[in-house]
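Below is one structure, written out as structure tokens; the observations come after it.
The values are calculated or read from the model by the stated rules, or taken from the named source; none is laboratory data. Only a predicted model underlies this, so the values are computations on that prediction, with no experimental measurement involved. Cβ: placed from backbone, ideal geometry, glycine included. Neighbour counts: every protein chain shown. Just the protein is used for accessible areas: all its heavy atoms, side chains included, with ligands, DNA and RNA removed. Shrake-Rupley method; radii C 1.70, N 1.55, O 1.52, S 1.80 Å.
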Amino acid sequence: MREVLWERLKRTDIERAARAGAVAIIPVASLEQHADHLPVNTDSNIVSTVARRAAQAVEFPVLVLPTVWTGYSPHHMRHPGSVTLTYHTFVEVLTQVAKSVHRHGFRKILLLNGHGGNTAVVAGMRTKLAEEDGVASVVGCDYWDAPGVPDAMRRLCPVDRGFVGHAGEFETSVQMHLQPDLVDAGKAAWAPGAFGDPSAGSADKGTALVEAAVAGVVRLLQSFHSGELEDRFVWRKESPVV
Ligand SMILES: [Zn+2]
């Protein structure tokens with residue numbers, strides 16, 4: 001299988017990928033409490049897996065950076081195990097990682113987010129990087145918002161009504177599929193710090209949800225690589241006002 005993980009490549013491989021117009025994915029996650037039944041690496045595990053599988057599924061070159069393992073989680077700090085950055089530090093980390101990737105010649109950079117607390121920050125990074133840092137190559141997206149994923153979630157997570165939640169039906173199902181040895185199924189019930197119903201989770205739902213998320217990110221990568229995605233930002237193509 002084609003190697004897609006940035007950290008495992010040589011500098012010459014990375015240079016070649018940049019020259020070939022590869023898309024670079026920077027997965028962005030968190031390290032935080034996920035109630036009493038899921039591990040604190042839940043968000044990192046899901047977004048890393050989805051990014052890697054999507055990168056391997058397309059026919060054009062895509063590289064996946066190591067996942068940004070901590071994010072913006074001040075609202076989880078009342079529970080043990082959470083590690084957060086402050087707001088401005090998080091923005092700065094994303095800025096510096098994206099600028100580094102851009103410096104090496106990558107002109108299509110996807111910030112693929114896997115944590116709800118990061119959503120607003122990641123969504124704002126395109127404008128911030130383009131206008132303040134001269135890096136006009138970045139789009140940000142939650143993996144659960146990729147094409148087709150919201151529909152799959154509404155179908156597969158009826159108890160939580162299709163919401164991603166937190167340690168609820170969606171994440172419990174996905175973790176029962178991806179990391180069953182780390183799930184304490186006997187404690188899969190609502191507890192403070194959960195949003196949604198953990199008891200509605202199942203490994204079968206998790207399998208289908210991961211497939212839907214990978215398919216959605218594949219569609220996102222295809223439209224980014226073809227230029228269709230950026231064509232929607234037509235104002236970027238306007239000539240500057242003199
Ligand atoms: Zn989570």
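Taking first residues from the range 1-15 that are under 13 Å from residue 56 (Cα atoms) and partners that are part of a helix (DSSP H, G or I) and open to solvent by less than 40 Å² (accessible area, probe 1.4 Å), the Cβ contacts under 8 Å between residues at least 6 apart in sequence or on separate chains come to 4/55; 6/14. Among the residues of the range 80-100, those that are out of contact with any Pro (no Cβ under 6 Å at 6 or more places or on another chain), more than 17 Å from residue 127 (Cα to Cα) and buried (at least 17 other Cβ atoms within 10 Å of the Cβ) comprise 82, 85. Scanning the range 20-40 for residues that are open to solvent by 10 Å² or more (accessible area, probe 1.4 Å) and under 21 Å from residue 149 (Cβ atoms) returns a single hit, 38. Quick check: is even one residue across the range 189-205 touching a helix residue (DSSP H, G or I) at 6+ places or on another chain (Cβ under 7 Å), crowded, with 19+ Cβ neighbours inside 10 Å and among the hydroxyl-bearing types (Ser, Thr, Tyr)? For the range 189-205, residues touching a helix residue (DSSP H, G or I) at 6+ places or on another chain (Cβ under 7 Å), crowded, with 19+ Cβ neighbours inside 10 Å and among the hydroxyl-bearing types (Ser, Thr, Tyr): absent. Being under 17 Å from residue 97 (Cβ atoms) and either polar (S, T, N, Q) or free of Cβ contacts under 8 Å to residues at least 60 places away in the same chain (or both), is that true of even one residue in the range 50-62? The answer is no; no qualifying residue exists.
Going by the structure shown, is residue 67 closer than 21 Å to residue 17 by Cβ, within 16 Å of the ligand (Cβ to nearest atom) and not acidic (Asp, Glu)? Judged against the criteria, residue 67 is a match.
Table: residues versus (1) open to solvent by 30 Å² or more (accessible area, probe 1.4 Å); (2) within 13 Å of the ligand (Cβ to nearest atom); (3) touching a Pro at 6+ places or on another chain (Cβ under 9 Å); (4) at pLDDT 95 or above.
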{"residue": "137", "(1), (2), (3), (4)": "no, no, no, no"}
{"residue": "143", "(1), (2), (3), (4)": "no, yes, yes, yes"}
{"residue": "146", "(1), (2), (3), (4)": "no, no, no, yes"}
{"residue": "174", "(1), (2), (3), (4)": "no, yes, no, yes"}
{"residue": "215", "(1), (2), (3), (4)": "yes, no, yes, yes"}
{"residue": "230", "(1), (2), (3), (4)": "yes, no, no, no"}
{"residue": "241", "(1), (2), (3), (4)": "yes, no, no, no"}
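Kindly indicate the residue of the range 41-63 that is part of a loop (DSSP other than H, G, I, E, B) and touching a strand residue (DSSP E or B) at 6+ places or on another chain (Cβ under 9 Å) and also surrounded by the fewest Cβ atoms within 10 Å (Cβ to Cβ) among those meeting that condition. Among residues in the range 41-63 that are part of a loop (DSSP other than H, G, I, E, B) and touching a strand residue (DSSP E or B) at 6+ places or on another chain (Cβ under 9 Å), the one surrounded by the fewest Cβ atoms within 10 Å (Cβ to Cβ) is 60. Here residue 97 passes the criteria (1) closer than 21 Å to residue 218 by Cβ; (2) outside any loop (DSSP other than H, G, I, E, B); (3) not hydroxyl-bearing (Ser, Thr, Tyr) except the one numbered (1).
Conditions (1) away from the ligand (no atom under 13 Å from the Cβ); (2) touching a Leu at 6+ places or on another chain (Cβ under 7 Å); (3) more than 19 Å from residue 16 (Cα to Cα), marked per residue:
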site: 53; (1), (2), (3): yes, no, yes
site: 61; (1), (2), (3): yes, no, no
site: 91; (1), (2), (3): yes, no, yes
site: 99; (1), (2), (3): yes, no, no
site: 113; (1), (2), (3): no, no, yes
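Please go through (1) open to solvent by 40 Å² or more (accessible area, probe 1.4 Å); (2) touching a Gly at 6+ places or on another chain (Cβ under 9 Å); (3) among the acidic types (Asp, Glu) for residue 131 and return the number of the only condition it doesn't satisfy. Residue 131 satisfies every listed condition except (2). Please verify whether the range 72-85 includes one or more residues that are touching a residue at least 60 places away in the same chain (Cβ under 8 Å) and not in a loop (DSSP other than H, G, I, E, B). Checked against the condition, which is being touching a residue at least 60 places away in the same chain (Cβ under 8 Å) and not in a loop (DSSP other than H, G, I, E, B), the range 72-85 yields at least one hit.
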